[in-house]
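Report on one structure; see the data block that follows.
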Amino acid sequence: MKKYLYLVITAMLFAACKKNNTTDIEPVNLNISVAYNLQTSTYKLPLTSVKVKITNLDTKNMQEFTVSDKGTVIVPKLSPGAYDIDASATILAADYTTITGIATTKDVTYNASVKGKQITVGFSDVINLSLVSGTVNDWVIKQIYYAGSDTKNGAIQRDQFIEFYNNSDKVLYADSLYFVETTGLITKSSATSYNLQTNGQLDWSKSVNMPANIDANNDYIYARAFLMIPGTGKQYPVQPGKSIVVAQTAVNHKSPFTGTDGKVVSVLDPSLTVDLSTADFEAYYASFLSNPFASDIDNPSVPNLEVISYFGRDMVFDNPGRYSYALIKVDGTQKPKEWPQYYYPTKAAPTSTATKYYQIPNKWVIDAVEIQPNEISDRIPKKYNANLDAGFAFVPLGSYTSQSVIRKTDKSVNGRIILKDTNNSTEDFDYFTIATPRGFK
């Protein structure tokens, strides 16, 4: 009898513990509040135009919700976990003009995002999303091939390129179009060496000699590499719906070629790499380096970029995807080569040999694409705020996989492809399994 009673009590205790443990996975009702960040209160934009997407980072499951006219969303029975939360709205040009009285011929996009948010059991905070505006740009970054190809059978990193696209209905000129590789905190392990913002990214306001009367973190980006397409002003026209390819080295990487050391450079599997012999521009660093890569040969039929600042021995993009990219276009009042440069905001005083980085005003950025590593655990705090890029793009297989990120096609008008541009790379970009210069997705 005692044995039977013991078994009954044990079973009851086990059942009670099991019941109590279910609280560990009890879903929560997530409350989200959305508002437009407007410079004036004289008009109101429609909140019901806003879409909110919730993506579970583990399962990749995505849910989409429409915001109420009060700017609220309730996500019911959300499982605890890590989530990306993105809000976006596109106001058509005609509607925006009617509502605001501000004449525009371009659609206006608004974005906000919270990345990697941990939703725990019992989470009751309200997620506040402040939508900031951006416009559909004439020039956009179309494709970034930063991953490189296989280290044994491919071209490693020497076949990298970036592609810019005329997304407008008029001829644009590539002359004096700048682009930068944006730097910031790129490894979590080094975070303790720097002054950081509350979001975990570098606090550039703590850089040596940084002016106190500017918003160093929100109004500027900082360039590891700063390059410019040359030209006299109208030397390099780009037709509507056409692009320009900027190669690290403008050769056919599928075929053997002779390096500057006289040795043949070749790949074992040509299908893993790309032909860049018809690129529009190339980076050529050998003329000012003491130890350039032997593979950095100068294709005389392809114009060279003007190098304002650089990192390393060639235009080598970071294979894991820890840096980001921006297009810059200035007017005649600006002299970008004279823009100020600053040290990283290290806690210790910078050494005399420490590198300085160009400070780029956001107002001259016409397009920006945040890149992140493919593994969630390797991702770093965003360098761009939502008015530049509310999301980020990545290649799913990571380094040396021949993959590139590619902007999605939005629509076609009279045969001209218009690429998606919402200032949220999470929404705007897909990937190519094999990078494809001038290709479309």
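Would you please list the contacts, defined by Cβ atoms under 8 Å and residues six or more apart or on different chains, that run from a residue in region 190-210 that is in contact (Cβ under 8 Å) with a residue 24 or more places away in the chain to a residue that is outside any helix (DSSP H, G or I) and β-branched (Val, Ile, Thr)?
193/346; 194/346; 195/346; 200/380; 201/380
Starting from residues that are buried (at least 22 other Cβ atoms within 10 Å of the Cβ) and on the phi > 0 side of the Ramachandran plot, keep the ones in region 398-441 and report whichever is farthest from the chain's Cα centre (by Cα).
402
List pairs: first in region 311-339 and modelled with pLDDT of 95 or more, second among the basic types (Lys, Arg) and part of a loop (DSSP other than H, G, I, E, B), Cβ under 6 Å, 6+ apart or cross-chain?
324/383
Is it the case, given these coordinates, that residue 431 is under 18 Å from residue 371 (Cβ atoms) and part of a strand (DSSP E or B)?
Judged against the criteria, residue 431 is a match.
Please tell me if residue 289 is assigned by TED's automatic domain parsing to the domain that holds residue 367, over 27 Å from residue 221 (Cβ atoms) and more than 21 Å from the chain's Cα centre (by Cα).
no
Identify all residues within region 342-360 that are charged (D, E, K, R) and under 23 Å from the mean Cα position of the chain (by Cα); write none if there are none.
Scanning region 342-360 gives a single hit, 356.
Residue 353 - would you say it is part of a loop (DSSP other than H, G, I, E, B), under 28 Å from residue 139 (Cβ atoms) and out of contact with any Ser or Thr (no Cβ under 8 Å at 6 or more places or on another chain)?
Against the criterion (part of a loop (DSSP other than H, G, I, E, B), under 28 Å from residue 139 (Cβ atoms) and out of contact with any Ser or Thr (no Cβ under 8 Å at 6 or more places or on another chain)), residue 353 does not qualify.
Can you tell me which condition residue 373 does not meet? The list is (1) loosely packed, with under 15 Cβ neighbours inside 10 Å; (2) in a loop (DSSP other than H, G, I, E, B), and all the others hold.
Unmet condition: (1).
Restricting attention to region 245-258, report how many residues are without any contact (Cβ under 8 Å) to a residue 60 or more places away in the chain and either under 31 Å from the mean Cα position of the chain (by Cα) or crowded, with 17+ Cβ neighbours inside 10 Å (or both).
The number of residues fulfilling the criteria is 4.
From the list 58, 69, 84, which residue is surrounded by fewer than 14 Cβ atoms within 10 Å (Cβ to Cβ), within 22 Å of the chain's Cα centre (by Cα) and assigned by TED's automatic domain parsing to the domain that holds residue 111?
From the options 58, 69, 84, the qualifying one is 58.
Can you pull out every residue in region 269-310 that is part of a loop (DSSP other than H, G, I, E, B), farther than 24 Å from residue 243 by Cα and free of Cβ contacts under 8 Å to residues at least 24 places away in the same chain?
290, 291
Can you go through 116, 101, 122 and tell me which one is outside the structural domain of residue 427 (by TED's automatic domain parsing), at pLDDT below 95 and within 16 Å of the chain's Cα centre (by Cα)?
116
The values are calculated or read from the model by the stated rules, or taken from the named source; none is laboratory data. All values reported here derive from a predicted model rather than from experimental measurement. All Cβ positions, even for glycine, are placed from backbone atoms using ideal geometry, and neighbour counts span all protein chains on display.
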